[in-house]
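K.L.:
Please see the structure below; I have some questions.
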Amino acid sequence: MSIPEGSSLSEKIERIKGAIAEKEKVLVAFSGGVDSTTLAALAFEVLGDNVLAVTLDSCAIPQSELEDAKRTAKQIGIRHTVLEHDMLSDEMIRQNDQDRCYYCKKLVMKTLKDVMDREGLNVLVEGTNASEITGRRPGWAAINEAGDLVLTPYTEFDVTKKEVRQIARHLGLEVADKVSNACLLSRLPYGAEVTNASLRRIESAEDFLLSLGITHVRVREHDGIARIEVLPADFPVVHEKRDELLSRFKELGYSYVTLDMEGFRSGSMDEVL
């Protein structure tokens, strides 16, 4: 996909690259999703080895996503490191109240700031896009509190999720159409204690559904109940694999298994707030 010179999106790309270039040496928070990958590719284009992409390996991230991040970084050619990140060491994250994302983002930025100091980097480049900052966003509040420590080019230059995908296609990135994912903690209701065991169980349950060829998947866990969210078009797949699915989910420890008739939707745990 080519983006015409002088177009609004072309101008946004140049502004992003210019803002990153001004920082000279940067760290990119790199999950391997379309937002961070596109940002990393643009940063690498203007700063080369003065960019370090960092992926945090925590219990909140499925291992498949971690492997995707490693592979994608290699495709870009960017310097990349993976750090173990014990997010459950933070009691406020384990308690999982409505401001969990705030405490999580604060811990992430502290961890990445330590890397920046060791590596002599000037700013943390972060991939929140302009489509993500409406409504209740505790994590975004934490980013704003960080001030000049963090550069968020997509929000600064009003780049939406759709535009990020357009830029990714323009750059020839394989992740351009990758399904968006959220951390595994978003599968738990607020107030439910976060444990490594619960997150691994959710990951295994979602891996099973993904193995059926279903691309949009959430398994929400409610005190022994698995609430499955998939697109309505994939309901027949779930029904067809019912016996196999029940066997696997019971094996994982779920007492009850349900299919959410509203289907897949991001942020469904926030609907009760």
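K.L.:
Quick one: putting +1 on the C-beta of Lys and Arg, -1 on the C-beta of Asp and Glu, what dipole do you get for the range 127-245 around its Cα centre, in Debye to the nearest 20?
P.N.:
160
K.L.:
What is the calculated FRET efficiency for D57 to L246, with r their C-beta to C-beta distance and R₀ = 41 Å, to the nearest 0.05?
P.N.:
Taking R0 as 41 Å, the efficiency between D57 and L246 is 0.85.
K.L.:
What are the semi-axes of the equivalent ellipsoid of the range 7-88, taken as the square roots of 5 times the eigenvalues of the Cα gyration tensor, listed largest first and rounded to whole Å?
P.N.:
Largest first, the range 7-88 gives 24, 13, 11 Å.
K.L.:
Apply the Karplus parameterisation 6.51 cos²θ - 1.76 cosθ + 1.60, with θ equal to phi minus 60°, to every residue of the range 199-207 and state each ³J(HN,Hα) to the nearest whole Hz, in sequence, with x for glycine and proline.
P.N.:
Once rounded to whole Hz, the list reads 5, 5, 5, 4, 4, 5, 5, 5, 4.
K.L.:
Also: Given +1 on the Cβ of Lys and Arg, -1 on the Cβ of Asp and Glu, and no further charges, what dipole in debye does the chain carry about its Cα centre, rounded to the nearest 20?
P.N.:
Charge dipole, the chain, about its Cα centre: 180 debye, nearest 20.
K.L.:
Cross-link partners among aspartates and glutamates for K161, C-alpha distance below 20 Å, same-chain residues fewer than 8 apart left out?
P.N.:
Within reach: E11, E14, D35, E65, D68, E126, E132, E174, D177.
K.L.:
Please report the relative contact order for the chain, taking Cα pairs under 8 Å with a sequence separation of at least 6, and give it as a percent rounded to a whole number.
P.N.:
18
K.L.:
Points 7 angstrom from Cα along the Cβ direction at E24 and D114: gap in nanometres?
P.N.:
According to this spin-label approximation, the distance is 2.6 nm.
K.L.:
By a straight-distance test (C-alpha under 23 Å), which lysines pair with K162 as possible cross-link partners, with residues fewer than eight away in the same chain excluded?
P.N.:
Filter leaves K12, K17, K178.
K.L.:
Show me the chymotrypsin sites (Phe, Trp or Tyr not before Pro) within the range 144-208 that DSSP assigns to loop and that have at most 16 other Cβ atoms within 10 Å of their Cβ.
P.N.:
Y190
K.L.:
Whole number please: convex hull volume per residue, Cα atoms of the range 161-234, in Å³.
P.N.:
123
K.L.:
Given the peptides 159-169, 138-148, arrange them by the average over their residues of other C-beta atoms within 10 Å, most packed first.
P.N.:
159-169, 138-148
K.L.:
Further question on the same structure: So between S8 and Y256, what do we pick up on full extension, going 0.36 nm a residue minus the alpha carbon distance?
P.N.:
84.2 nm
K.L.:
Let me ask something additional. Rounded to two decimals, what ratio of Rg to Rh does the chain give with C-alpha atoms and a Kirkwood Rh?
P.N.:
0.98
K.L.:
In Å, what Kirkwood hydrodynamic radius results for the range 185-273 from the alpha-carbon pair distances?
P.N.:
Kirkwood radius, the range 185-273: 13.1 Å.
K.L.:
Give K106/K250; K25/K105; K110/K250; K74/K250 a once-over and call out the pairs whose C-alpha atoms are over 32 Å from each other.
P.N.:
Cα-Cα > 32 Å for K106/K250; K110/K250; K74/K250; rest within.
K.L.:
While we're here: Provide the per-residue ³J(HN,Hα) series for the range 63-69, in order, calculated from phi with Karplus coefficients 6.51, -1.76, 1.60 and θ = phi - 60°, each as a whole number of Hz, with x at glycine and proline positions.
P.N.:
4, 5, 5, 5, 5, 4, 4
K.L.:
Also: Using the Karplus curve 6.51 cos²θ - 1.76 cosθ + 1.60 with θ = phi - 60°, what ³J(HN,Hα) values do you get for each residue of the range 158-165, in whole Hz, with x for Gly and Pro?
P.N.:
These are the phi-based 3J(HN,Hα) values: 6, 9, 7, 4, 4, 5, 4, 5 Hz.
K.L.:
Along the Cα→Cβ direction, 7 angstrom out, place labels at E84 and F235. What is the inter-label distance in nm?
P.N.:
4.5
K.L.:
I would also like to ask the following. Just want the answer: with Cβ charges of +1 for Lys and Arg and -1 for Asp and Glu, which residue in L124, Y256, Y190 is farthest toward the dipole's positive end in the chain?
P.N.:
Y256
Every number here is computed from the coordinates shown, using simple stated rules; none is lab data. None of these values were measured; they are calculated from a predicted model. Here the Cβ is made from the backbone with ideal geometry for all residues, glycine too, and neighbour counts use every protein chain on show.
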